[in-house]
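The values are calculated or read from the model by the stated rules, or taken from the named source; none is laboratory data. It should be emphasised that the depicted structure is a prediction, and the values quoted were computed from it without experimental measurement. Cβ: placed from backbone, ideal geometry, glycine included. Neighbour counts: every protein chain shown. These accessible areas exclude ligands, DNA and RNA; they are computed on the full protein's heavy atoms, side chains included. Shrake-Rupley method; radii C 1.70, N 1.55, O 1.52, S 1.80 Å.
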Amino acid sequence: GDVIELRGFRDGGAEKLRTDYLDFAFDRPLDDTPPAAFRVQAESFAPVAGFAVATRAVASGGAVLEATSNAEQIARSEFTGADGVYDLGLGYYDENDGVARMRVFVNDVALDDWLWDQDLGEAGISPANLVERAIEDVVLRTGDVIELRGFRDGGAEKLRTDYLDFQFVDDLIV
């Protein structure tokens with residue numbers, strides 16, 4: 001129902017504003033099918049500071065990102081999905097052996113900040129302490145940089161991060 005109108009003034013008898021065509025590009029198929037949900041394994045994020053990949057059979061991809069020191073841990077990934085608004089689900093292991101802190105950023109803007117301090121019954125990594133943190137209504141464009149930043153709790157809670165799920169919610173309004 002949008003109306004597109006071209007307006008202009010010709011320059012006397014010389015420039016006559018001859019227009020050939022308008023070209024419209026769509027980010028999605030014309031059938032309005034939203035992009036499918038997808039998962040990015042945390043171990044595919046590039047460690048920038050501290051984080052390392054650790055093999056863990058219980059993890060969804062067979063590995064996790066894991067803290068290597070008490071300094072700030074940073075890992076990043078470039079968003080490759082379609083532009084839009086997404087709900088994110090960060091899967092991580094909240095073990096009972098300390099309190100870690102995680103922050104999620106997009107293009108250096110903090111989206112969420114929380115402590116890993118649930119009592120789920122086990123000190124080591126297991127299906128019992130897999131938690132998914134919901135971060136809703138995140139505007140993402142192809143090429144945006146997503147960063148995970150956090151601190152482990154001494155040698156105990158190691159920021160074991162499994163995956164980041166993306167669920168398309170809506171198109172971007174321009």
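Would you kindly find the accessible area of Val169, with a 1.4 Å probe and non-protein molecules such as ligands, DNA and RNA excluded, rounding to the nearest 10 Å²?
70 Å²
Could you give me the ³J(HN,Hα) list for the stretch 123-139, computed from phi with Karplus coefficients 6.51, -1.76, 1.60 and θ = phi - 60°, whole Hz, x at Gly and Pro?
8, x, 5, 7, x, 5, 10, 6, 10, 10, 8, 8, 10, 9, 6, 9, 7
Percent relative contact order of the stretch 1-100, based on C-alpha pairs within less than 8 angstrom and at least six residues apart?
Over the stretch 1-100, the number comes to 20 percent.
Classify the stretch 97-146 from the C-alpha gyration tensor, please: rounded if a/c falls under 1.5, else prolate or oblate depending on whether a/b exceeds b/c.
Here the stretch 97-146 falls in the prolate category.
Mind listing the phi-derived Karplus ³J(HN,Hα) values for the stretch 109-119, rounded to whole Hz, using 6.51, -1.76 and 1.60 with θ = phi - 60°, and x for any glycine or proline?
For the stretch 109-119, the Karplus curve yields 10, 5, 9, 7, 8, 8, 9, 8, 9, 6, 9 Hz.
Tell me, which longest segment in the chain has none of the trypsin sites (Lys or Arg not before Pro) that fall in DSSP loops with at most 11 further Cβ atoms within 10 Å?
After excluding every exposed loop site, the longest remaining stretch is 19-174.
Hey, got a sec? Which GluC sites (Glu not before Pro) in the stretch 68-164 land in a DSSP loop and have at most 16 other Cβ atoms within 10 Å?
Glu72, Glu122
What shape does the stretch 75-174 take by its C-alpha gyration tensor, where a ≥ b ≥ c are the square roots of the eigenvalues and a/c under 1.5 counts as rounded, a/b above b/c as prolate, and the rest as oblate?
Prolate is the answer for the stretch 75-174, as a/c is 1.5 or above and a/b outweighs b/c.
So what is the relative contact order of the chain, in percent, for Cα pairs below 8 Å that sit 6 or more residues apart?
30 percent
Note the listed values (1) -0.24; (2) -0.35; (3) -0.30, then indicate which one is log10 I(q)/I(0) by the Debye sum over Cα atoms at q = 0.08 Å⁻¹ calculated from this particular structure.
So the calculated entry is the one marked (2).
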